[in-house]
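Colleague: This is the structure I have questions about; it appears just below.
The values are calculated or read from the model by the stated rules, or taken from the named source; none is laboratory data. Note that the coordinates shown come from a computational prediction; the quantities given were computed from them, not determined experimentally. Please note: Cβ atoms are built from the backbone with ideal geometry, for glycine as well, and neighbour counts cover all protein chains shown.
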Amino acid sequence: MTQEKISLPRNRDYMAEPILDWILEGIPRSVNVKLFDDVGFIYEAQLAKMELSSWWRNLDEFVKRAAYYEQVNGEKTYHYHFSDIKGKDQIGRSNQYLTHWYYPYKAKFHPQMIKALINWMGLEKGQKLLDPFSGSGTALVEARLIGIDSIGVDVDPFCTFMSKVKTDLLDLSPQQLEAVEFKTAFEYFKSFKGKSSEAGLGRFVETNATPKSPFHGLDERIHDFYLLSYLYALSDYTYIKRKMWTGFVENTSRMIKSIRTFDALKRQLNLQMGGVQVKNGDARFLQQAGVGKESIDGIVTSPPYSIAVDYIALDLHTFKYLGIDPQGLQDKLVGLKGRHQERVRIYFEDMKLAFQSMYDVLKRRAYCAVVIGDVTFEGKKLSITQKFIETAEKIGFRSINLIRRPILGGFARLRYEYIILFQKP
Ligand SMILES: C[S@@+](CC[C@H](N)C(=O)[O-])C[C@H]1O[C@@H](n2cnc3c(N)ncnc32)[C@H](O)[C@@H]1O
């Protein structure tokens with residue numbers, strides 16, 4: 001028997017070609033795009049197809065916002081440049097770039113995926129995105145980068161602080177960040193360790209026993225950046241016993257380096273970023289948090305998985321340092337109230353309130369994307385995805401699509417999470 005020789009195409013990205021053919025079905029042949037080499041999962045191809053379907057008629061704009069494409073019309077996309085500003089533990093083009101890596105928050109979603117969802121929704125400049133469970137601020141950073149205004153709401157003051165620093169950093173220059181000596185900043189925050197702080201995330205109250213603040217007269221965003229650097233070092237010390245000073249210096253200088261690169265890039269691209277508001281509030285009562293009725297053009301969010309993961313326990317060292325009362329917070333966090341099956345019941349009740357609240361603040365015909373996984377609680381798998389669809393539909397949402405995403409790594413012992421897409425009719 002003669003063996004047929006297979007000739008592999010040379011100099012071509014033959015792995016991605018069949019995927020690209022599928023993505024481009026029904027789109028004019030003149031549309032010239034190249035996927036990132038690491039697009040390999042089915043959900044990534046789905047999202048790449050969805051974002052292109054909303055933007056292929058305006059490729060000049062798509063270059064600026066595409067998430068899964070390396071090139072559009074032969075030009076490198078902005079995502080290529082942003083994701084080139086590498087952060088710790090980055091995987092390909094999907095996460096941890098620019099300011100996303102700043103603080104090892106456990107429940108972040110992938111920024112690349114979020115950007116594609118915002119694109120699919122077709123949000124344009126002047127329109128407003130909301131993340132009512134904004135966590136570490138991933139969606140807010142992405143919205144800013146593509147010029148969309150956004151509002152983030154989170155009940156945890158440390159989360160709103162983190163989101164603020166990560167979105168504010170995009171406006172700061174390296175010169176501003178270098179205005180304080182590392183050692184002085186570190187010693188200043190260290191002097192408050194172990195003291196019960198009245199200040200929480202505001203300014204620390206200086207006493208005779210603490211050094212004078214090196215941040216007097218400076219933009220408060222500089223203080224907040226160094227405080228987050230300190231909390232990052234504290235987290236690493238708590239979990240991996242990394243020396244705090246070593247971690248502080250490494251992270252701070254790496255972030256300043258990233259901001260230097262981004263500063264130059266902003267000028268080169270003439271980048272117009274979206275505005276952002278971060279609010280400390282409750283997703284179940286968004287109007288009370290200051291989000292207007294029917295004022296929002298799109299929602300992207302990931303509600304707490306905290307029924308299975310105790311976020312408070314994870315960040316207890318931070319709360320202690322900042323003087324935040326964990327018990328007071330526990331009562332407001334969705335997913336942490338009650339015990340055993342009672343906890344599950346209260347979780348779904350709270351989420352029903354949150355869905356109603358999201359529905360009320362959304363404009364008609366606007367979209368809402370919810371990322372969630374079916375966690376296992378006390379040995380039983382909860383059909384959270386199905387329950388959310390039923391709850392949202394009862395309120396009036398129309399379900400549009402369900403995308404499944406595999407999870408690598410062990411977060412909450414999930415194999416998959418789901419992106420549920422709704423529309424307010
Ligand atoms: C899965 S995390 C979101 C992570 C976020 N997508 C990110 O990329 O960082 C869920 C968030 O919901 C917040 N949360 C819990 N209960 C809340 C409530 N009642 N209102 C607003 N936020 C709440 C938690 O503090 C947590 O930050």
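Colleague: Exactly one of (1) away from the ligand (no atom under 16 Å from the Cβ); (2) out of contact with any strand residue (DSSP E or B) (no Cβ under 7 Å at 6 or more places or on another chain) is unmet by Phe348. Its number?
Modeller: Unmet for Phe348, out of (1) away from the ligand (no atom under 16 Å from the Cβ); (2) out of contact with any strand residue (DSSP E or B) (no Cβ under 7 Å at 6 or more places or on another chain): (1).
Colleague: Next question. Just one of the numbered conditions (1) in contact (Cβ under 8 Å) with a residue 24 or more places away in the chain; (2) part of a helix (DSSP H, G or I); (3) more than 11 Å from the ligand (Cβ to nearest atom) is not true of Leu353; which one?
Modeller: With respect to (1) in contact (Cβ under 8 Å) with a residue 24 or more places away in the chain; (2) part of a helix (DSSP H, G or I); (3) more than 11 Å from the ligand (Cβ to nearest atom), Leu353 is out only on (3).
Colleague: Now for a separate question. What are the pairs, 6+ residues apart or on separate chains, where a residue within segment 127-149 that is of a type in the set (Val, Ile, Thr) has its Cβ under 8 Å from a residue that is at pLDDT below 95 and within 14 Å of the ligand (Cβ to nearest atom)?
Modeller: These pairs meet every condition: Thr138/Lys108; Thr138/Phe109; Thr138/His110.
Colleague: Here is a follow-up. Of the residues Gly290, Gly328, Gly338, which is touching a strand residue (DSSP E or B) at 6+ places or on another chain (Cβ under 9 Å) and among the small types (Gly, Ala, Ser)?
Modeller: Details: Gly328 fails: touching a strand residue (DSSP E or B) at 6+ places or on another chain (Cβ under 9 Å); Gly338 fails: touching a strand residue (DSSP E or B) at 6+ places or on another chain (Cβ under 9 Å).
Just a single option satisfies the conditions, and that option is Gly290.
Colleague: Mind checking which residues of segment 236-263 are among the acidic types (Asp, Glu) and farther than 18 Å from Phe186 by Cα? Spell out the reasoning first.
Modeller: Our first condition is that a residue be among the acidic types (Asp, Glu); within segment 236-263, this holds for 236, 250, 263.
Matches in segment 236-263: Asp263 only.
Colleague: Sticking with this structure for a sec: Which of the residues belonging to segment 43-93 are assigned to a loop (DSSP other than H, G, I, E, B) and under 21 Å from Trp22 (Cβ atoms)? Break it down into steps so the answer makes sense when it comes.
Modeller: At the first step, the residues of segment 43-93 found to be assigned to a loop (DSSP other than H, G, I, E, B) are 56-58, 66-68, 73-74, 77, 84-93.
Scanning segment 43-93 gives Trp56, Arg57, Ala66, Ala67, Tyr68, Asn73, Thr77, Gly92, Arg93.
Colleague: Let me ask you something else. Looking only at segment 146-166, how many residues end up being in contact with a helix residue (DSSP H, G or I) (Cβ under 6 Å, 6 or more places away or on another chain) and more than 12 Å from the ligand (Cβ to nearest atom)?
Modeller: Of the residues in segment 146-166, 3 are in contact with a helix residue (DSSP H, G or I) (Cβ under 6 Å, 6 or more places away or on another chain) and more than 12 Å from the ligand (Cβ to nearest atom).
Colleague: On to the next question. List every residue pair whose Cβ atoms lie under 6 Å apart, where the two residues are 6 or more positions apart in sequence or sit on different chains, the first residue falls within segment 364-388 and is within 17 Å of Arg345 (Cα to Cα) and free of Cβ contacts under 8 Å to residues at least 60 places away in the same chain, and the second residue, located anywhere, is within 16 Å of the ligand (Cβ to nearest atom) and hydroxyl-bearing (Ser, Thr, Tyr).
Modeller: As it stands, the answer is Asp374/Thr385; Thr385/Tyr418, since those pairs meet every condition given.
Colleague: For segment 360-369, which positions are surrounded by 21 or more Cβ atoms within 10 Å (Cβ to Cβ) and either within 16 Å of the ligand (Cβ to nearest atom) or of a type outside the set (A, V, I, L, M) (or both)?
Modeller: Val361, Tyr367, Cys368, Ala369
Colleague: Also, quick follow-up: Which is closer than 16 Å to Leu98 by Cβ and among the aliphatic types (A, V, I, L, M), of Leu271, Leu231?
Modeller: On the way: Leu231 fails: closer than 16 Å to Leu98 by Cβ.
Unique residue meeting the criteria: Leu271.
Colleague: What number of residues within segment 281-329 satisfy the criterion of being surrounded by fewer than 21 Cβ atoms within 10 Å (Cβ to Cβ), near the ligand (Cβ under 8 Å from one of its atoms) and basic (Lys, Arg)?
Modeller: Adding up the residues that qualify gives 0.
Colleague: Limited to segment 132-157, what total is found for residues that are under 25 Å from Thr77 (Cα atoms), outside any helix (DSSP H, G or I) and of a type outside the set (Ser, Thr, Tyr)?
Modeller: The number of residues fulfilling the criteria is 5.
Colleague: Which residue pairs have Cβ atoms closer than 6 Å, lie 6 or more positions apart in sequence or on different chains, and pair a first residue in segment 30-57 that is more than 22 Å from Pro406 (Cβ to Cβ) with a second residue that is of a type in the set (A, V, I, L, M)?
Modeller: Correct list of pairs: Val33/Val72; Trp56/Ile27; Trp56/Val31.
Colleague: Please work out which one of (1) near the ligand (Cβ under 10 Å from one of its atoms); (2) buried (at least 16 other Cβ atoms within 10 Å of the Cβ) is the condition Lys332 fails and give its number.
Modeller: With respect to (1) near the ligand (Cβ under 10 Å from one of its atoms); (2) buried (at least 16 other Cβ atoms within 10 Å of the Cβ), Lys332 is out only on (2).
Colleague: Residue by residue through segment 370-387, note down the ones that are away from the ligand (no atom under 16 Å from the Cβ), in a strand (DSSP E or B) and not β-branched (Val, Ile, Thr). Quick ask: steps written out before the conclusion?
Modeller: Let us first name the residues in segment 370-387 that are away from the ligand (no atom under 16 Å from the Cβ), namely 376, 378-381, 383, 386-387.
When the remaining residues are screened for being in a strand (DSSP E or B), the result is 376, 380-381.
Lys380, Lys381 - these are the residues of segment 370-387 that are away from the ligand (no atom under 16 Å from the Cβ), in a strand (DSSP E or B) and not β-branched (Val, Ile, Thr).
Colleague: I need a count of the residues in segment 20-36 that are charged (D, E, K, R) and within 23 Å of the chain's Cα centre (by Cα). Don't jump to the end; show me each part of the working.
Modeller: The first filter runs over segment 20-36 and keeps only residues charged (D, E, K, R), leaving 21, 25, 29, 34.
Then keep just the ones that are within 23 Å of the chain's Cα centre (by Cα); that gives none.
Count: 0.
Colleague: Would you check which residues across segment 215-238 are more than 22 Å from the chain's Cα centre (by Cα) and surrounded by fewer than 19 Cβ atoms within 10 Å (Cβ to Cβ) and list them?
Modeller: So in segment 215-238, the residues more than 22 Å from the chain's Cα centre (by Cα) come out as 215-220, 223, 237-238.
Within segment 215-238, His216, Gly217, Leu218, Asp219, Glu220, Tyr237, Thr238 qualify.
Colleague: Of all residues being more than 14 Å from the ligand (Cβ to nearest atom) and not in a helix (DSSP H, G or I) in segment 99-131, which is farthest from Asp224 (Cα to Cα)? Just the residue, please.
Modeller: First, pick out the residues of segment 99-131 that are more than 14 Å from the ligand (Cβ to nearest atom): 116, 119-128.
With the extra rule that they be not in a helix (DSSP H, G or I), the set shrinks to 122-128.
Details: Gly122: 33, Leu123: 30, Glu124: 31, Lys125: 28, Gly126: 28, Gln127: 28, Lys128: 26 Å.
So, considering only residues that are more than 14 Å from the ligand (Cβ to nearest atom) and not in a helix (DSSP H, G or I), the one farthest from Asp224 (Cα to Cα) is Gly122.
Colleague: Ok, one more. Mind checking which residues of segment 388-423 are over 30 Å from Lys128 (Cβ atoms) and part of a strand (DSSP E or B)?
Modeller: Scanning segment 388-423 gives Pro406, Tyr416.
Colleague: Output the number of the condition that Asn95 fails; it satisfies all remaining conditions of (1) among the polar types (S, T, N, Q); (2) more than 25 Å from Asp224 (Cβ to Cβ); (3) in contact with a helix residue (DSSP H, G or I) (Cβ under 9 Å, 6 or more places away or on another chain).
Modeller: Here Asn95 clears every test but (2).
Colleague: Follow-up question, since we're still on this one. Is it the case that some residue within segment 381-404 is under 20 Å from the mean Cα position of the chain (by Cα) and surrounded by 13 or more Cβ atoms within 10 Å (Cβ to Cβ)?
Modeller: yes
Colleague: How many residues are farther than 18 Å from Asn95 by Cβ and not aliphatic (A, V, I, L, M) when one looks only at segment 134-151?
Modeller: At the first step, the residues of segment 134-151 found to be farther than 18 Å from Asn95 by Cβ are 147-151.
With the extra rule that they be not aliphatic (A, V, I, L, M), the set shrinks to 147, 149-150.
So the count comes out to 3.
Colleague: Can you tell which of Ala308, Ala264, Ala283 is in contact with a helix residue (DSSP H, G or I) (Cβ under 7 Å, 6 or more places away or on another chain), at pLDDT 95 or above and over 30 Å from Ser213 (Cα atoms)?
Modeller: Working: Ala308 fails: at pLDDT 95 or above; Ala264 fails: in contact with a helix residue (DSSP H, G or I) (Cβ under 7 Å, 6 or more places away or on another chain).
When all the criteria are applied, what remains is Ala283.
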